[in-house]
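So the structure is just underneath, and the comments pick up after that.
The values are calculated or read from the model by the stated rules, or taken from the named source; none is laboratory data. Keep in mind the model is a prediction, meaning the values are calculated, not measured. Counting neighbours? That spans all protein chains shown, and the Cβs are built from the backbone with ideal geometry, glycine included. We work out accessible area using only protein heavy atoms, side chains counted, and drop any ligands, DNA or RNA first. Shrake-Rupley method; radii C 1.70, N 1.55, O 1.52, S 1.80 Å.
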Amino acid sequence: MNRHELCCVGHITLDKVVTPKNTVHMPGGTSFYFSHAIKHFKDIDYTLVTALAESEMKAVEELRAEGIDVTVMPSAHTVYFENIYGENQDNRTQRVLAKADPFTVEALRDVDARIYHLGSLLADDFSLEVVRYLAGKGSVSIDSQGYLREVRGQDVFAVDWPEKREVLPYVHFLKANEHEMEVLTGYTDPVKAGRMIHEWGVKEVLLTFGSMGSVIYDGTTFHRIPAYLPKEVVNATGAGDTYMTGYLYQRAKGTDIEEAGRFAAAMTTLKIEGIGPFNGTKEEVERCLSTAEQRFPEL
C-alpha cells in the first residue's frame with residue numbers, strides 16, 4: 001500500500017457566503033480549501049478522504065481532474081453552511097442547513113499516511129475511536145473549530161469539547177484561533193493556553209490571531225509568527241485551512257517550526273486577497289515573505 005506524506009480527511013461542504021458586497025454559493029470545508037491549496041505544490045504525495053452526497057460529486061470530479069487522489073465515503077447528505085460576514089472579516093455568523101455522515105474507521109482502513117489532518121466541521125465528524133486509530137498509523141493534526149461547534153436546529157453554538165482530554169493525547173498538531181483557545185482552556189493569554197494544551201498531550205500547539213499573527217508552542221519555545229498584511233482583504237473564508245495547508249506541507253518536508261509557520265502565514269495572506277481557495281505559487285509565497293509588512297503577536 002502506498003504511504004502518502006499527507007492526508008486530509010474531511011467533508012466537502014456547500015457554502016453560502018454572504019458579504020457586504022455579494023452572496024456566493026460555492027463548495028467549501030477544510031478538505032476543499034486544503035486540497036485546492038496543496039495542488040499547487042507538486043513535490044508532495046497527498047491524498048484526500050471526503051464524504052458527500054452523490055449530488056455534489058462534481059466537486060470531487062474537479063479535484064480529480066486537477067490530479068488530486070480522492071477517496072469518497074458515501075453520505076446521505078452534504079454539509080451545507082451559511083456564512084455571513086460583516087464589514088470586519090474577523091466576524092462571522094454561521095448556520096448549518098444540512099449535515100453529512102461522520103467518518104468511520106472502516107472508511108479509513110485502506111489509507112496510509114505519515115500525517116493525517118482532520119478537518120472537523122461539526123462536533124461529531126470524528127469519534128475518539130477514529131482519532132485513536134489514525135494515531136496508530138501516523139501523526140494526527142486537528143483543527144479544533146469543528147469540535148467546538150454544536151448545531152441546534154440550524155444555528156451553530158460555540159461549546160466546549162467534552163472529550164478533549166481523551167482525544168488530545170493522540171494529537172500531534174492542534175490549531176485553535178483566539179476564541180477557540182479561550183473556549184478550550186479558559187485563558188485569553190496564549191502562553192497559559194499553549195502550556196495547558198501541550199500538557200494535555202499535543203506536541204505542536206498552533207494558536208492563530210488573524211491579522212495579529214500566530215503563536216506555535218512545541219513544549220520548549222513559543223514561536224512568534226508574524227501576520228503578513230494583505231494588500232486588500234477580499235474574503236477570509238478558508239484562511240485557517242490555508243494556514244494548516246502551508247504548515248503541514250512544510251513540516252511534512254522536514255522544515256522547522258518557525259519557517260513552516262511563516263510560510264503558512266504568507267500563504268494565508270495571498271488567500272485572503274482573493275475569493276475561493278489559495279491559488280498562488282511557492283514563488284509568490286516567498287515574495288510575500290520578503291516584501292509584505294509584518295505584524296508580530298504580543299506575548
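Can you find, within the stretch 120-144, the residue that is nearest to GLU5 (Cα to Cα) among those that are open to solvent by less than 30 Å² (accessible area, probe 1.4 Å) and in a loop (DSSP other than H, G, I, E, B)? It comes out as GLY138.
Against the test of being over 18 Å from PRO277 (Cβ atoms), touching a residue at least 12 places away in the same chain (Cβ under 8 Å) and open to solvent by less than 30 Å² (accessible area, probe 1.4 Å), the options TYR80, TYR116, TYR85 yield a single qualifying residue, TYR116. If the condition is being open to solvent by 50 Å² or more (accessible area, probe 1.4 Å) and out of contact with any strand residue (DSSP E or B) (no Cβ under 7 Å at 6 or more places or on another chain), then the stretch 24-57 contributes HIS40, LYS42, ASP43, GLU54, SER55.
If the condition is being more than 19 Å from TYR247 (Cβ to Cβ), out of contact with any Pro (no Cβ under 9 Å at 6 or more places or on another chain) and in a helix (DSSP H, G or I), then the stretch 6-58 contributes SER55, MET57. For the stretch 232-242, the set of residues classified as crowded, with 19+ Cβ neighbours inside 10 Å, among the aliphatic types (A, V, I, L, M) and not in a helix (DSSP H, G or I) consists of ALA236 only. One residue stands out in the stretch 157-195 among those that are in contact with a Ser or Thr (Cβ under 6 Å, 6 or more places away or on another chain) and in a helix (DSSP H, G or I): the one that is nearest to GLN145 (Cα to Cα), namely GLU180. Annotation note: Cβ proximity below 6 Å between a residue of the stretch 174-197 that is closer than 23 Å to THR268 by Cα and a residue that is surrounded by 17 or more Cβ atoms within 10 Å (Cβ to Cβ) and among the charged types (D, E, K, R) (sequence gap 6+ or interchain) occurs for LYS175/ASP143. Within the stretch 196-231, the set of residues being part of a helix (DSSP H, G or I) and either under 19 Å from SER141 (Cα atoms) or among the hydroxyl-bearing types (Ser, Thr, Tyr) (or both) comprises MET196, ILE197, HIS198, GLU199, SER211. Of the residues examined, ASP189 is one that is at pLDDT 95 or above and among the charged types (D, E, K, R).
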